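Taking it in order: structure first as structure tokens, then the write-up.
The values are calculated or read from the model by the stated rules, or taken from the named source; none is laboratory data. Computed from a prediction, not measured in an experiment: that's the story for all the values here. Cβ sites come from the backbone with ideal geometry, for glycine too, and all protein chains shown count toward neighbours.
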Amino acid sequence: MRPLLPLGIVAFVALVAMGVGAMLYHTYKPQALTISKEQAVIGKPEKVHARGAATAPVIVEEFGDFQCPPCGAISEPLNQLERDYHNKIRLTFRNFPLANHQFAQPAAFAAEAAGLQGRFWEMHDLLYREQTNWTKSTDPSELFLSFARIVGLDTAKFQKDINSNEVKERVAADQKRAAELGVHFDPDDFC
Amino acid sequence: MARQKQNTAYRQPATSRSAIIVYSIAAVLALAGLADALYLTVLHLTGQSAVCGGSPSCSQVLASKYAHIGPVPVALLGMLGYFSVFSFAVFSIFNNARATVLMRITVWLMFAAALVLLYLQAFVIHAFCRYCLFSAAVTFLLTGLVVAIPAQSLTPKARP
């Protein structure tokens with residue numbers, strides 16, 4: 001009987017660990033990756049950043065945070081997907097800056113300010129590409145300004161727009177949309 | 001024959017009281033490490049590493065290319081390590097000399113892995129994940145137990 005006791009203890013702990021693991025996995029696993037056609041209404045075209053054919057049968061709606069490393073990691077694969085299936089897939093981007101990411105919101109404002117000059121995606125790609133650099137900076141605003149120059153923006157307008165209510169309202173609207181769909185983490189991608 | 005051999009192993013004298021205390025502490029520490037590694041594994045598998053404890057440094061570490069070896073998350077290897085240490089510690093309490101040796105080997109391997117991971121966080125990723133630091137602290141404490149207590153005092157003594 002005694003030889004079985006340590007085995008029993010170990011088996012019990014293994015079972016508990018597996019049970020807790022399964023419970024946590026179920027809790028953290030994104031529940032809804034597909035939304036209904038009605039929910040997929042993505043607002044007025046000028047209010048949503050989208051690329052790919054407007055008639056594409058598949059729409060990917062991404063909720064992203066420019067300071068989040070996994071968001072950065074999936075950025076290029078998503079771009080590649082859009083290049084490979086240009087007529088079949090449409091990518092849309094919504095800002096979902098997490099509160100624990102210090103510079104995520106300023107980065108979202110920078111992207112939206114670039115969007116006001118028609119260069120949202122250029123800034124989007126650059127912010128993700130240079131993520132490891134500006135996230136380490138103590139004040140990334142200078143870097144954002146240099147990114148604005150790189151993507152060919154009117155920097156005076158960019159500096160004015162980045163603090164404008166219009167830009168803040170656009171980010172807030174994306175966050176409202178996230179709340180409606182039950183987005184808690186990012187990256188979250190709906191098809 | 002195999003059963004006879006197994007019975008002989010369990011017929012060894014009872015483990016000393018101090019050794020039982022040391023193994024029990026090791027088992028509790030391993031359980032703490034197991035819980036930590038389990039949480040990190042789940043975060044990795046569900047892709048929620050971005051919200052790791054509300055800390056950007058944590059997500060930097062967990063989303064880095066060093067967080068997995070091929071398709072296997074490092075946290076999962078940590079889980080296996082802690083579970084092994086827990087199992088060996090429990091078997092050691094019940095006087096299994098082979099388990100004691102295996103526990104020491106596993107703890108030393110985990111100590112080496114913890115050093116490598118700390119180096120990567122400090123000098124390559126330039127960010128520290130608090131859960132990884134907790135895991136390193138648990139491993140160091142386990143190593144401390146293994147080092148501080150002489151091997152012979154942990155090995156069951158022969159019956160006079």
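Please indicate, with yes or no, whether at least one residue in segment A:108-127 is crowded, with 19+ Cβ neighbours inside 10 Å, in contact (Cβ under 8 Å) with a residue 60 or more places away in the chain and charged (D, E, K, R). No; the residues of segment A:108-127 include none that is crowded, with 19+ Cβ neighbours inside 10 Å, in contact (Cβ under 8 Å) with a residue 60 or more places away in the chain and charged (D, E, K, R).
Could you tell me whether B:Thr100 is in contact with a helix residue (DSSP H, G or I) (Cβ under 8 Å, 6 or more places away or on another chain) and over 21 Å from A:Val20 (Cα atoms)? Talk me through it step by step, then tell me what you get.
On the way: in contact with a helix residue (DSSP H, G or I) (Cβ under 8 Å, 6 or more places away or on another chain): yes; over 21 Å from A:Val20 (Cα atoms): yes.
So B:Thr100 fits the description; yes.
Of the residues making up segment A:79-122, just one is under 25 Å from A:Pro57 (Cα atoms) and within 14 Å of chain B (Cβ to nearest Cβ), namely A:Phe96.
Restricting A:Asn95, A:Asn100 to residues that are surrounded by 15 or more Cβ atoms within 10 Å (Cβ to Cβ), without any contact (Cβ under 8 Å) to a residue 12 or more places away in the chain and not hydroxyl-bearing (Ser, Thr, Tyr) narrows the list to A:Asn100.
Rundown of residues vs (1) surrounded by fewer than 22 Cβ atoms within 10 Å (Cβ to Cβ); (2) within 18 Å of A:Leu15 (Cα to Cα); (3) within 7 Å of chain A (Cβ to nearest Cβ); (4) modelled with pLDDT of 95 or more, yes/no style:
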{"residue": "B:Ser49", "(1), (2), (3), (4)": "no, no, yes, no"}
{"residue": "B:Ser59", "(1), (2), (3), (4)": "no, no, yes, no"}
{"residue": "B:Leu62", "(1), (2), (3), (4)": "no, no, no, no"}
{"residue": "B:Tyr66", "(1), (2), (3), (4)": "yes, no, no, no"}
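State yes or no: is B:Val28 closer than 17 Å to B:Phe134 by Cβ, away from chain A (no Cβ under 11 Å) and surrounded by fewer than 17 Cβ atoms within 10 Å (Cβ to Cβ)? Judged against the criteria, B:Val28 is a match. Once segment A:48-75 is narrowed to residues that are away from every other protein chain (no Cβ under 14 Å) and not in a loop (DSSP other than H, G, I, E, B), the residue that is surrounded by the most Cβ atoms within 10 Å (Cβ to Cβ) is A:Glu61.
Does A:Gln117 meet the test of being in a helix (DSSP H, G or I), modelled with pLDDT of 90 or more and in contact with a helix residue (DSSP H, G or I) (Cβ under 8 Å, 6 or more places away or on another chain)?
On the way: in a helix (DSSP H, G or I): no; modelled with pLDDT of 90 or more: yes; in contact with a helix residue (DSSP H, G or I) (Cβ under 8 Å, 6 or more places away or on another chain): yes.
Criteria not met by A:Gln117.
The number of residues in segment A:123-143 that are more than 14 Å from chain B (Cβ to nearest Cβ), within 17 Å of A:Cys71 (Cβ to Cβ) and not in a loop (DSSP other than H, G, I, E, B) comes to 6. Scanning for something touching a residue at least 24 places away in the same chain (Cβ under 8 Å) and under 16 Å from the mean Cα position of the chain (by Cα), does segment A:142-162 turn up at least one residue? Among the residues of segment A:142-162, not one is touching a residue at least 24 places away in the same chain (Cβ under 8 Å) and under 16 Å from the mean Cα position of the chain (by Cα), which makes the answer no. Looking at B:Leu77, is it within 30 Å of A:Ala73 (Cβ to Cβ), at the interface with another protein chain (Cβ under 10 Å from one of its Cβ atoms) and at pLDDT 95 or above? Taking the combined requirement at face value, the residue does not satisfy it.
Being in contact with a Lys or Arg (Cβ under 9 Å, 6 or more places away or on another chain) and within 30 Å of B:Ala127 (Cβ to Cβ) is true for just one of A:Trp134, A:Trp121. Which residue is that? Before the answer, list the steps.
Numbers: A:Trp134 fails: in contact with a Lys or Arg (Cβ under 9 Å, 6 or more places away or on another chain).
Exactly one of A:Trp134, A:Trp121 is in contact with a Lys or Arg (Cβ under 9 Å, 6 or more places away or on another chain) and within 30 Å of B:Ala127 (Cβ to Cβ), namely A:Trp121.
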